[in-house]
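See below for the structure under consideration.
Quick note: the coordinates plus some simple rules give every number you see, no bench work behind them. Since the model is a prediction, treat every value here as computed from it, not as a measurement. Here the Cβ is made from the backbone with ideal geometry for all residues, glycine too, and neighbour counts use every protein chain on show.
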Amino acid sequence: MTRGTELDVDTLIDDPGTRVVVCCGSGGVGKTTTSAALALRAAERGRTVVVLTIDPARRLAQALGLDELSNEPSTVPDVGRPDDGRLSAMMLDMRRTFDEMVEGHAPPDRAQKIIENPFYQTISTSFSGTQEYMAMEKLGQLVASGTWDLVVVDTPPSRSALDFLDAPQRMSKFLDGRMIRLLSSPARAGGRGIRKLVGAGFGLFAKVVSTILGGQMLADASAFVQAFDTMFGGFHERAERTYALLRSPGTAFLVVAAPEADALREAAYFTDRLGSEDMPLAGLVLNRTHPVLAPVSAARARAAAENVGGAGSQIAAAVLRLHADRVELSEREEHLLTRFAAAHPSVPVVRVPSIAEDIADLDGLRRVGELLAGHDNTGTTAAAGS
Amino acid sequence: MVSGKGGTGKTTVAAALALALATGGKRTLLVEVEGRQGIAQVFDTPPLPYEERRIAVAPGGGEVRALAVDAEAALLEYFEMFYRLGVAGRTLRRMGAVEFATTLAPGLRDVLLTGKAKECVSRTDRDGRPVYDAVVLDAPPTGRLVTFLDVTRAMADLAKAGPIHGQAEGVVELLHSPRTAVHLVTLLQDLPVTETLETVTELQEAGLGVGTMIVNRMREQWLPDRSVTAAAHGRVDASRVRTGLAGAGIDLAPDEIDGLVAETVEHAVRVAGEAAALQRLANEPDPPLPRVTLPQLLGGVDLGSLYELAETLTAQGVRLEARA
């Protein structure tokens, strides 16, 4: 069986040259937990770390001391070593991040006007892609502050992992205002070339759109874009800088996937995409695997389960059957991974065995960190020993 | 409507449900709205176009058709219907104008998607009979579900008159009628169950009908009930296991026995967690939702296993009720 190289997480987080780690992957694969565990481990190995989480489950948030959304990092107590190592954590508040960005780029009266615009309210809360854009913005801010020497970022639970890369550009394109000017005043806008191209269609289109959306919405949108216009250059520049940061050697992407066909398919797309964007991929975290802990094949275990007899036969049969199930599951997981590795032979992989219990505190995260680093790869849970 | 937390297998369940409901000569439509081509992957076919086509034959005759709704195409379809844009429509799309319009008003996108589903539900043949016996919509995950279905709120984004507004009113009526039910897929783990129960409350507050709780990937429990708690706390008698295995002709080294014991403890922890999750679902919401269960498929999901899942649903009483 082809086995790719092992991903060495400790070497990655111990390297002072690693300044940003981005955890990405499709929804439900354990990105947030992975980010938090990785950040905690890095802090306890001496780094000054901040982790930006997007939408942590309540218990994970509590484990990190994040009882409320503050949009600023706060120190996680009881982490690190006496002399060094510190962990801060925060949850992204996209609305506030957006507000602060506007306030930072416009004089107070204009900023106020933008923030009060009904169209801004829509765009800053329910525009698809705002969360991704704001995660990038916050990442840029955290790095620029110089307070931390390692920033770990969780990415939003997009329908697809690629949204994270595309959203800021999609949004920039939207905000650059060309289309909105065309729509709100097609007669005046400098879009003559385009109008000629589409002919009467565009005038009709503009009319239809205003019929559907209502004149008020277009008027609000237009006012917003005009007020935004002067800031746009600044926004654009920032997005470009963040992109440059993501391409720099100090950044490492970790693709997180569950050992399921669709999650690995997404991971493969993402891996290819990072490659074509020259973004540095550190490796694949294959999360929640079920390693086999005893060398008995599924077939042999099932056959033996039928033939038990005498003392201990009931428990032995149960053990054999649950073992056989596990072997089959594990074989499927390895098969999926083999397919991924065949197409992406240069991507290092670490398997993180599934933990049966919920992660509800720092010790739980420490265990995940151990597994991420490839230790305790037996899959034995802590509960097993107690 | 079928929804669930990300990673719970809602697309697979929606596909199995569409197959189950088509069993015995019925015709169902399976709709996806997120541009993920999840249906094509589950049925192992090339990507679906914006067009209804047959994707599977159901047990006992019957067929499942599938449709990947695309909001932009749906918007152009409206324009065609009401304004005859002709070639200009395609050019506008290439320019990004259509994407722009749907981006401008996120609610418009949702109205277009649910509106298309409604059109499929209400379509009738020449004899006035509905074309589809049931429409199964693979809805967005629970985190976005209520926003997606809250068409009333989305209408605030739209002009107060106009063709789409009229359509949206029809969608609201359909979604809030007994003809629509939202089925929620969950795994028997703490997080998905919690999120699912929160969604039930949100749906009920929004006046949307909640249907069945679909427990997915239920694993086989091999340990007898009385052993589960002890084993989950790490109490597995290794020497007894060794004796029992020896009786079945399997002799293992001590560390290998330890491996099996560790697997057993993990199994027990999960089984205990699943039992606790089931207990929660028996008490919440009050009254609890009807429940069906689908097994974990160790070999993963392929076309054949979709039929198995559909049969499992049928065996648990999943079927179309006779039309009033």
| task | Please average, across the residues of A:290-301, the number of beta carbons from any other chain that are within 10 Å of each residue's own beta carbon, and give a whole number. | result | 4
| task | Out of all DSSP beta bridges with both ends in the protein assembly as shown, state the antiparallel percent to the nearest 5. | result | 10 percent
| Kyte-Doolittle mean at least -1.0 and Cα axial length at least 20 Å: DSSP H helices in chain B | B:106-122, B:190-205, B:254-283
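Suppose the chain between A:Thr5 and A:Ala219 were pulled fully straight at 0.36 nm per residue; how much longer would it get relative to their current alpha carbon spacing?
Details: separation 214, 0.36 × 214 = 77.04 nm, distance 5.65 nm.
Gain in length upon complete extension: 71.4 nm.
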| Where in the stretch B:15-51 does the label zone of B:Leu320 land, with the point 7 angstrom along Cα→C-beta and an amide N cut-off under 11 Å? | B:21-29
| request: Put one equal scatterer on each alpha carbon of chain B, apply the Debye formula with no solvent term, and list log10 I(q)/I(0) at q = 0.10, 0.11, 0.15 1/Å to two decimals. | output: -0.66, -0.77, -1.23
| Using alpha-carbon pairs under 8 Å, 6+ residues apart, how would you state the relative contact order of chain B in percent? | 22 percent
| message | Taking the number of other C-beta atoms within 10 Å as the exposure measure, put A:Ser35, A:Ser210 in order starting with the fewest. | response | A:Ser210, A:Ser35
| request: Using label points projected 7 Å from each Cα along Cα→Cβ, tell me how many nm separate B:Arg126 and A:Arg247, to one decimal. | output: 6.1 nm
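Need the full-extension length gain, A:Glu370 to A:Ser276, defined as separation in residues times 0.36 nm minus the C-alpha distance. One decimal, nm.
Working: separation 94, 0.36 × 94 = 33.84 nm, distance 3.19 nm.
Separation in residues times 0.36 nm, less the Cα-Cα distance, equals 30.6 nm.
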| message | Averaged across B:246-257, how many Cβ atoms of other chains sit within 10 Å of each residue's Cβ atom? | response | 5
| task | Kindly put B:Val98, B:Val57, A:Val49 in sequence by how many other C-beta atoms sit within 10 Å of each C-beta, fewest to most. | result | B:Val57, B:Val98, A:Val49
| Pairwise FRET efficiency - B:Ala40 versus B:Glu119, Cβ, R0 = 25 Å, nearest 0.05 | 0.70
| remark: Per the 1/(1 + (r/R0)^6) rule, R0 = 22 Å and r from the Cβ atoms of B:Asp302 and A:Thr338, FRET efficiency to 0.05 is 0.80
| field | Two-site label geometry, A:Asn307 and B:Glu80: point separation in nm, points 7 Å out along Cα→Cβ | value | 6.6 nm
| What percent of all Cα-Cα pairs in the protein assembly as shown falls in each 10 Å bin, counting up from 0? | 3, 13, 22, 25, 20, 11, 4, 1, 0, 0
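Give the order of A:Tyr120, A:Tyr133 when sorted by the count of other beta carbons within 10 angstrom, beginning with the fewest. Present the calculation step by step, with values, prior to reporting the outcome.
Details: A:Tyr120 21, A:Tyr133 27.
Ordered from fewest to most neighbouring Cβ atoms within 10 Å, A:Tyr120, A:Tyr133 come out as A:Tyr120, A:Tyr133.
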| request: Just grab the label-to-label distance for A:Ala144 and A:Arg265, each label 7 Å out from Cα along the Cβ direction, in nm (one decimal). | output: 4.0 nm
| note | Given pairs A:Lys207/B:Lys26; A:Lys113/A:Lys207; A:Lys138/B:Lys5; B:Lys5/B:Lys26 and cut-off 31 Å on Cα-Cα distance, the over-length ones are A:Lys207/B:Lys26
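FRET efficiency for A:Ser74 and B:Thr243, Cβ-Cβ distance as r, R0 = 56 Å, nearest 0.05? Don't jump to the answer; show the numbers that get you there.
Numbers: r = 55 Å, r/R0 = 0.98.
The pair A:Ser74/B:Thr243 has a calculated efficiency of 0.55.
Per DSSP helix of 4 or more residues, -39500 (n - 2.57); summed, then divided by the residues of chain B. What does that give at 222 nm, rounded to the nearest 500?
On the way: 14 runs with 168 residues, N = 324.
For chain B, the value works out to -16000 deg cm²/dmol.
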| Cα gyration tensor, the stretch B:222-285 - rounded (a/c under 1.5), prolate or oblate | prolate
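Averaged over its residues, how many other protein chain Cβ atoms are within 10 Å of peptide B:231-240's Cβ atoms? Each step should come with its number before you reach the end.
Numbers: counts 4, 3, 3, 6, 1, 4, 2, 0, 2, 7.
Mean shielding by partner chains, rounded to a whole number: 3.
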